[in-house]
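A quick write-up on the structure given underneath.
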Amino acid sequence: MMPTQRASLANAQRQHWQNTYRAHPGMYGSAPSASAVYAAQVFRMARAEEVLELAAGHGRDALYLAQQGFRVLATDFSGVAIDQIQRTAQAQGLTERISAVAHDLRDPLPTKTESVDAVHAHMALCMALSTNEIHAVLSEVRRVLRPGGTFVYTVRHVGDAHYGAGNPHGDDIYEHGGFAVHFFSEQLIEALADGWIRDDFHAFEEGELPRRLWRLTLTKPHQDSPSNRSECARLGRPQPPRWLEC
Ligand SMILES: C[S@@+](CC[C@H](N)C(=O)[O-])C[C@H]1O[C@@H](n2cnc3c(N)ncnc32)[C@H](O)[C@@H]1O
């Protein structure tokens, strides 16, 4: 797909999400996703305070993380969704703990270098982003995380019933019912983990389809700690778990 076609797909997707949130406010409900419940536990154990939530939608997870005591910055490229987060935060008296800004994942993240302790992204990286754009998001997450900070992300994958169905856009992106999804392969997961400490890999399902998802937990290494198998082998240190094989 040419870059101009990709840009027009992304812009059409933004319009589609805007229309969807306008027509179905709070469409994912008010209960947090299983990913957010897990992330809150991991972030608490890591003593995180500042959390960035990517592609937060109308904020079921960002609001939950704020309720759990974290200070949350929620982002999404749908201004309609951002308004819904702000209104719910106001109604729940959470405006001290959560702010929400419109942000497109194709742009640099709207936070300073090493300014957040944790990042959560549930079904965010698997939107209509090219492989290069996904790698760029990972680099940005790494930039804004403090050393030792945690990144929990989930993505739909090639085992999902919608993989290969609907309108193909190349690069494992398929559009079904107006929603374009980049279905992740193991190779992509592996490539994205390069340079991170790999804490956990977990396969799970969500919703009625069901959507088939992988959840990754990665830690940004301190400069002197080895993060991958070849580096550990070179230094004679214990190997990290082969979490993709479990
Ligand atoms: C499947 S929904 C998940 C929403 C939320 N994480 C949740 O689980 O409730 C995907 C979200 O990604 C947002 N999105 C899609 N492409 C995006 C992009 N390029 N930049 C920022 N947000 C994007 C959509 O507006 C939508 O809110």
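Read-outs throughout are calculated quantities, based only on the coordinates presented, and are distinct from any laboratory measurement. Here the structure is a predicted model, which means the values were calculated and not measured. For neighbour counting, all protein chains shown are included, and Cβ atoms are generated from backbone atoms with ideal geometry for every residue, glycine included.
Quick notes on this one:
- Arg156 meets each of the listed conditions (1) of a type in the set (Lys, Arg); (2) surrounded by fewer than 22 Cβ atoms within 10 Å (Cβ to Cβ); (3) under 25 Å from Glu206 (Cβ atoms) apart from (2).
One line per residue, one yes/no per condition, for (1) among the polar types (S, T, N, Q); (2) farther than 24 Å from Asp199 by Cβ; (3) within 11 Å of the ligand (Cβ to nearest atom):
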position: Ser30; (1), (2), (3): yes, yes, yes
position: Ala34; (1), (2), (3): no, no, yes
position: Val42; (1), (2), (3): no, no, no
position: Ala56; (1), (2), (3): no, no, yes
position: Leu109; (1), (2), (3): no, no, yes
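- Against the list (1) away from the ligand (no atom under 14 Å from the Cβ); (2) without any contact (Cβ under 8 Å) to a residue 24 or more places away in the chain; (3) outside any strand (DSSP E or B), the condition Asn132 fails is (1).
- Test: Ala81 is within 10 Å of the ligand (Cβ to nearest atom) and over 17 Å from Val119 (Cβ atoms): yes
- Here the condition is being surrounded by 21 or more Cβ atoms within 10 Å (Cβ to Cβ), touching a residue at least 60 places away in the same chain (Cβ under 8 Å) and more than 8 Å from the ligand (Cβ to nearest atom); of Leu63, Leu52, it holds for Leu52 alone.
- Close pairs (8 angstrom Cβ cut-off, 6 or more residues apart or separate chains): more than 21 Å from Asp83 (Cβ to Cβ) in region 11-40, in a helix (DSSP H, G or I) and more than 9 Å from the ligand (Cβ to nearest atom) anywhere: Val37/Tyr64; Ala39/Leu65; Ala40/Tyr64; Ala40/Leu65
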